[in-house]
1. Kindly provide the set of residues from region 223-248 that are farther than 17 Å from E207 by Cα and not in a loop (DSSP other than H, G, I, E, B), ordered by number.
2. Inside region 279-303, can you point out the residues that are out of contact with any Pro (no Cβ under 6 Å at 6 or more places or on another chain), under 19 Å from N163 (Cβ atoms) and not β-branched (V, I, T)?
3. Do we find that D281 is of a type in the set (D, E, K, R) and buried (at least 23 other Cβ atoms within 10 Å of the Cβ) in this structure?
4. Among the helices (runs of 4 or more DSSP H) confined wholly to region 21-139, which include 2 or more residues that are surrounded by 14 or more Cβ atoms within 10 Å (Cβ to Cβ) and modelled with pLDDT of 90 or more?
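The values are calculated or read from the model by the stated rules, or taken from the named source; none is laboratory data. Please read all numbers here as calculations on a predicted model, not as lab measurements. Cβ atoms come from the backbone with ideal geometry, glycine included; neighbour counts cover every protein chain shown.
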Amino acid sequence: MRGLITDLLDDGGIPVVGEASDGREALEVIRREEPDVVTMDLEMPNMNGIEAVEQIMKEQPTPVLMLSAYTDDDAEVTFEALEKGAVDFFAKPGGEVSMGVSRMSDQLVETVRTVAGADLDRSVSKNGTSTRSVQSTDTPVADGAAFDDTYTVVIGSSTGGPNAVEQVVSALPTGDCRILIVQHMPEAFTSRFADRLNTASEYNISEATDGARIGAGEGLVARGGSHMEVSSYRNGRLRIKLLEDDQGYSVQPAVDVTMASVAETIDDPLIGVILTGMGNDGADGICAMHEAGAWTIAQSEETCVIYGMPKRAVNTGCIDTVHDLDDIAGAIVRGEN
């Protein structure tokens, strides 16, 4: 696997300056070579990926891309690695590993380049286990805060998103809102991500299924590998339709698909939020929501791990307000600047 990844990255124009067979050796190579980015497996002898990431962030903070298998156990450990400071993860295919990764070489190269450009000062988890954190000067959610209205809130994110989404959702007070979350993530990971959000928040959050209905105080995470549309809305409850076809989008699920369907289907108050991530997904969707009368929010550049999606959303002119990550939950509760 190390040899294959080295070849794929070299072919993609990314020179590989070192290899390691376990976490301890990785720390030695990182000290010596000072790389721009590290790809890190989870299961290794002597020192596993979680321990290695934690030590890297303490000794020589370097952007880390985790390599994770499509299993429930690896999904849970991957989220733990993100909490320790890893920027993102690349899901290794099952079965014939070498052939699978070769087919995904372009995605691997793009992901490594994205992770290499991440700002580790902004790659933090809600519980503060990373080495550094961003302190916002904006007003946090006050104790006993409540929503002024019943909203449908759509949150879109990519690189750096799992921790950012958890921070926002966990800060929201119990309310009458419906929350839809679209995070660029493979299918094997979205169910576990939904479980984590459900545990961390006051909302009942689950992975979306075709035909699912949610009402006040509930939320759904778009299932990896499927687009999530709102197919109908009545009596304060919305119904979800999953689309298996990629619909021409480079990511699946796509934020644009969900936001466009919400704008078309729901007449009640809407809030659209674009968080950290690479690319332009969400730019068209946030404009569709804005034109439908939604209040639109983007994460500030100063607190984004990757200021790609929010930047493109802001550049459309369809964003009403920009907030640091710590204040986005408060902005959602207020429903206005």
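1. Looking only at region 223-248, we keep the residues that are farther than 17 Å from E207 by Cα, and these are 232-236, 245-248.
Within region 223-248, S232, Y233, R234 qualify.
2. The first filter runs over region 279-303 and keeps only residues out of contact with any Pro (no Cβ under 6 Å at 6 or more places or on another chain), leaving 279-297, 300-303.
Checking which are under 19 Å from N163 (Cβ atoms) leaves us with 279, 281-282, 297, 300-303.
If the condition is that a residue be out of contact with any Pro (no Cβ under 6 Å at 6 or more places or on another chain), under 19 Å from N163 (Cβ atoms) and not β-branched (V, I, T), then G279, D281, G282, S300, E301, E302 are the ones that fit.
3. Working: of a type in the set (D, E, K, R): yes; buried (at least 23 other Cβ atoms within 10 Å of the Cβ): yes.
Against the criterion (of a type in the set (D, E, K, R) and buried (at least 23 other Cβ atoms within 10 Å of the Cβ)), D281 qualifies.
4. Numbers: elements: 23-33, 49-59, 72-84, 97-103, 105-116.
Filter on region 21-139 gives 23-33, 49-59, 72-84, 105-116.
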